[in-house]
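Encoded as structure tokens, the structure appears first; notes follow it.
What follows draws every value from the coordinates through simple rules; no lab data is involved. Every value quoted in this text rests on a predicted model; they were computed, and no experiment measured them. Here the Cβ is made from the backbone with ideal geometry for all residues, glycine too, and neighbour counts use every protein chain on show.
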Amino acid sequence: MGHQVMKPSTEELNLIKTVLAFDETGTTQLEPDVMLNPVSHYTDPNQLQTEIDILFRKFPIIVGHAAQLQDPGQYITHNDTGTPLLITRNKTGEVKAFVNVCRHRGARVANEPCGKANTFSCPYHGWTYDLDGKLRGMRQPQGFPDLDKSKHGLAELPAFERFGLIWVRPEPSSETIDIDAWLAPMAEQLASLRLETHTIFSEWSIHRDMNWRIALEGFLETYHFCSAHKTTACASYLDNQSPFLNKYPHIRNAVPLSKITKLREQDQQTWDYRSNFMTQNYLFPCNFVQAMTDHVYVHTIIPTGPGTCIFKCMMLIPEPVASDKAQKYWEANRSVVRTVFDEDFAIGEGIQQGFATGANTHFTFGQFEAGLQLAQRALNDALQGQLTVSVKA
Ligand code: FES
Ligand SMILES: [Fe+2]
């Protein structure tokens, strides 16, 4: 189940060298200053509403994997962004996304998590839409003598298939989003993961009682590994010596396995990146592509209220399961990761409960908690209108 050894990119070669230097000198990457983040960012309902309106409406969110929409007619629904989504592959093979809301009187047109269909018939009164969201027909049309069907299609949303993942910007818009420009800083690495050839081993969604930012921050620093994950992740990785590459507004956090120090005795020509790192890739505003040595977790964190969020995760493996041994191997991996995530979430819910005490007016992001600082800057920029998704002229 090992991965295919690939020649590291220049960036990856530099990451290896950086980590070996950290290890040799007992240092790590430092931001110039500590950063203070007001606790109101996590608690204020008005703050949350602004975040939903901007971060969760105006930026692309990962909603699935290409394997879920392999054939024309396959569709998935997604109900967690606050905009109910219907995502289809149409007859010409394009991925399309729509607001899953009937144009008659608003019922949800598709109600299964996934399926295959040529048309969607609204369960309320039977208006029917095709894979391109066009209104095809209705029962007893004599009741709507002047209705222009061409103006009553499902509202379309920008949707994209890139690097084997399905992305939707959950707000109708006439703008043409330049998804390639948006993902460009991460493109080389995402392409190298070849997620389009992976299959979904498992997916899950978890509701937790904490502000979405708390969950997000658990994946943006590695300072906590050897306390919060003392008996799990700590042993596998170098302690708090993971470089953060600013791929604004995204972040590549390369978390070295302890065994990386052995590379020092090895000819540089034989150095391998993937087998020596877990890579936490933050894709602004709420998506992660977390690459393990031989499989990948794709997660999204979405607020459902000021003190609640949903964590959605897909576990992608490089080839379909072909044996009991493989099944057991991937199950064991999933189980370890779910335990580690739960360790974070349990702490996160404790943080949430502590807000009401007023013990903190702000949180302090250390100089080596670089991911927190970088993400906070990008989030602030977006909330202040300084960062927008690239639009094609
Ligand atoms: S609400 Fe959909 S057909 Fe009436
Ligand atoms: Fe963690």
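Computed quantities for the displayed model
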{"read-out": "Dipole moment magnitude, nearest 20 debye, region 61-168 about Cα centre, only Lys, Arg, Asp, Glu C-beta charged", "value": "240 debye"}
{"read-out": "Likely footprinting exposure, TRP127, TRP212, fewest C-beta neighbours within 10 Å first", "value": "TRP127, TRP212"}
{"read-out": "The chain: relative contact order as a whole-number percent, Cα under 8 Å and 6+ apart", "value": "23 percent"}
{"read-out": "Stokes-Einstein D (µm²/s) once Rh is taken as the Kirkwood radius of the chain over alpha-carbon pairs, at 37 °C in 0.692 mPa s", "value": "146 µm²/s"}
{"read-out": "Tilt relative to the chain, helix 370-383 - C-alpha long axis, 0 to 90 degrees, to 10", "value": "30 degrees"}
{"read-out": "Cα-centred dipole magnitude for the chain, charges only on beta-carbon of K, R (+1) and D, E (-1), debye, nearest 20", "value": "1140 debye"}
{"read-out": "Computed P(r) (all Cα pairs; region 61-168; 10 Å bins; percent)", "value": "16, 50, 26, 7, 1"}
{"read-out": "Separation between Cα centres of region 126-145 and region 45-85, rounded to whole Å", "value": "25 Å"}
{"read-out": "For ASN253, residues with placed amide H under 5 Å, excluding near neighbours", "value": "LEU245, GLN280, ASN281, TYR282"}
{"read-out": "Any cysteine of the chain lacking a neighbouring Cys Cβ under 4.7 Å - listed by number", "value": "CYS114, CYS286, CYS309, CYS313"}
{"read-out": "Candidates per trypsin sites (Lys or Arg not before Pro) in region 229-301, loop by DSSP, up to 14 other Cβ within 10 Å", "value": "LYS230"}
{"read-out": "In Hz, Karplus ³J(HN,Hα) per residue of region 342-356 (6.51, -1.76, 1.60; θ = phi - 60°; x = Gly, Pro)", "value": "4, 4, 5, 5, 4, 5, x, 5, x, 4, 4, 5, x, 4, 4"}
{"read-out": "Helix 179-193 axis, angle to the chain major axis (alpha carbon atoms, nearest 10°)", "value": "60 degrees"}
{"read-out": "Helix 45-54 vs. the chain, principal-axis angle (Cα, 0 to 90°, nearest 10)", "value": "70 degrees"}
{"read-out": "Using distinct alpha-carbon pairs, which all enter the 1/r mean, Kirkwood radius of region 141-220 in Å", "value": "17.1 Å"}
{"read-out": "Whole-percent pair-distance distribution, where bins are 5 Å wide, for the alpha carbons of region 242-364", "value": "2, 8, 13, 17, 18, 16, 12, 6, 4, 2, 1, 0"}
{"read-out": "Sequence-distant residues sharing a close amide H with HIS152 (under 5 Å, placed H)", "value": "LEU135"}
{"read-out": "Under the Karplus curve 6.51 cos²θ - 1.76 cosθ + 1.60, θ = phi - 60°, whole-Hz ³J(HN,Hα) for region 301-310, x wherever Gly or Pro sits", "value": "10, 10, x, 10, x, x, x, 9, 8, 10"}
{"read-out": "Length-normalised contact order for region 61-168 - Cα pairs under 8 Å, 6+ apart - percent", "value": "28 percent"}
{"read-out": "Leading residue at positive end of dipole, region 61-168 (Cβ point charges), from GLY164, PRO141, HIS152", "value": "PRO141"}
{"read-out": "Nonlocal amide H pairs with PHE368, under 5 Å, H built at 1.01 Å", "value": "GLU31"}
{"read-out": "J(HN,Hα) series, region 119-127, from Karplus relation 6.51 cos²θ - 1.76 cosθ + 1.60, nearest Hz, glycine and proline x", "value": "9, 10, 9, 4, x, 7, 10, x, 5"}
